[in-house]
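Worksheet for the structure shown next.
The values are calculated or read from the model by the stated rules, or taken from the named source; none is laboratory data. The shown structure was predicted, so the numbers you read here are calculated from the model rather than taken from an experiment. A quick note on method: Cβ atoms are made from the backbone with ideal geometry, for glycine too, and the neighbour counts reach across all protein chains shown. To get the accessible areas, we keep the full protein, side chains included, count just its heavy atoms, and leave off ligands, DNA and RNA. Shrake-Rupley method; radii C 1.70, N 1.55, O 1.52, S 1.80 Å.
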Amino acid sequence: MSDSTRDDSVRRVYSPGADHDFPDEKLNRVLEFITDDEEIQTYLEAQNVNAVDRMRYNDHGAKHIEIVRNRALCLYDLLKAGGVDFNGARQQDLEEADEAVIIALAATLHDVGHVVHRDQHAYYSIPLAADILDRILPEFYDVAETVRMKGEVLHAILCHHRSETPLTTEAGVIRVADALDMERGRSRIPYEHGGRGINTLSSQAINSVSLQEGEDSPVMVEIAMTNAAGVYQVDNLLKAKLEGSGLEEEIRIVAVNTNENRDQLVERIEL
């Protein structure tokens, strides 16, 4: 999948050079490291083979990871600006700067289990990500900190699966951010190969997703869709991931049907 197909879907972008509502120096060093890491980048390409090439499912490769990581960090920034407490790093006696690192690493590695199989991939991701973290974390942390960081990242990875309950705010961010990659570019390949399953068709109905500061909550997610098929992405996938994330009161979701057809079945959804 070419980058040009999906770049327009990233509406709010984490910029290392911008001012943020959290300490970002350590995060930016880690991001630079993982971007240049050959093993990680190879996983991001290889994990898409089972999902897209073999199962005709939506994108789970490098572009998906880029968007999920970006949106996770933007969610984190907005939530921090809104005074939301993050307990993962704090309860492990880690620094505030480590919250964003946990989120970035979990977002990057949450789907590596796809190299084994799409089904139950979250559980396959754990041992694979653990091996990668054993190599990366000592570059930035001592032994005790490495153990604690590893546990928090793996917890967030596991809990992007709806069957598991996030116990930290960091894990809740990953769970929600994963569902925010829903625009039509994500389903282009299976759609062009004749895929007409509900995941593909509903993604094709989503024009854009944007994140911004809310009036009554720290985060407002605005979704523009072109027909009622997009309801599946919003209600069955995003809503399902928001529920149980611990962030239900902090994130408001509004989906608007931008199709001007007066006979449209769904005009607006608010969660």
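Could you go through the stretch 232-242 and let me know if any residue there is modelled with pLDDT under 85 and in a strand (DSSP E or B). No, there is no match, as no residue in the stretch 232-242 is modelled with pLDDT under 85 and in a strand (DSSP E or B).
With the structure loaded, tell me whether residue 78 is under 17 Å from residue 180 (Cβ atoms) and more than 14 Å from the chain's Cα centre (by Cα) or whether it fails that test. If you could, list the steps in order and put the result at the bottom.
On the way: under 17 Å from residue 180 (Cβ atoms): yes; more than 14 Å from the chain's Cα centre (by Cα): yes.
Yes.
In the stretch 26-56, of all residues being of a type in the set (D, E, K, R) and touching a residue at least 24 places away in the same chain (Cβ under 8 Å), the one that is farthest from residue 105 (Cα to Cα) corresponds to 56.
Residue by residue through the stretch 128-176, note down the ones that are surrounded by fewer than 17 Cβ atoms within 10 Å (Cβ to Cβ), among the small types (Gly, Ala, Ser) and either touching a Ser or Thr at 6+ places or on another chain (Cβ under 8 Å) or at pLDDT below 95 (or both).
Going through the stretch 128-176, the residues surrounded by fewer than 17 Cβ atoms within 10 Å (Cβ to Cβ) turn out to be 130-131, 134-135, 138-140, 142-144, 147, 151, 162-165, 167.
From what is left, the residues that are among the small types (Gly, Ala, Ser) are 130, 144, 151, 163.
163, the sole residue that qualifies.
Selection of the stretch 118-127 for residues being open to solvent by 40 Å² or more (accessible area, probe 1.4 Å) and assigned to a helix (DSSP H, G or I) yields 123, 124, 126, 127.
I'm trying to understand the selection: among the residues of the stretch 204-219, which are assigned to a strand (DSSP E or B), open to solvent by less than 20 Å² (accessible area, probe 1.4 Å) and at pLDDT below 95? 206, 209 - these are the residues of the stretch 204-219 that are assigned to a strand (DSSP E or B), open to solvent by less than 20 Å² (accessible area, probe 1.4 Å) and at pLDDT below 95. Scan the stretch 223-243 for residues that are open to solvent by 20 Å² or more (accessible area, probe 1.4 Å) and within 16 Å of the chain's Cα centre (by Cα) and the total you get is 5. The C-beta contact set for the stretch 57-68 (first residue within 12 Å of residue 183 (Cβ to Cβ), second residue at pLDDT 95 or above and part of a loop (DSSP other than H, G, I, E, B), distance under 8 angstrom, 6+ apart or interchain) comprises 64/111.
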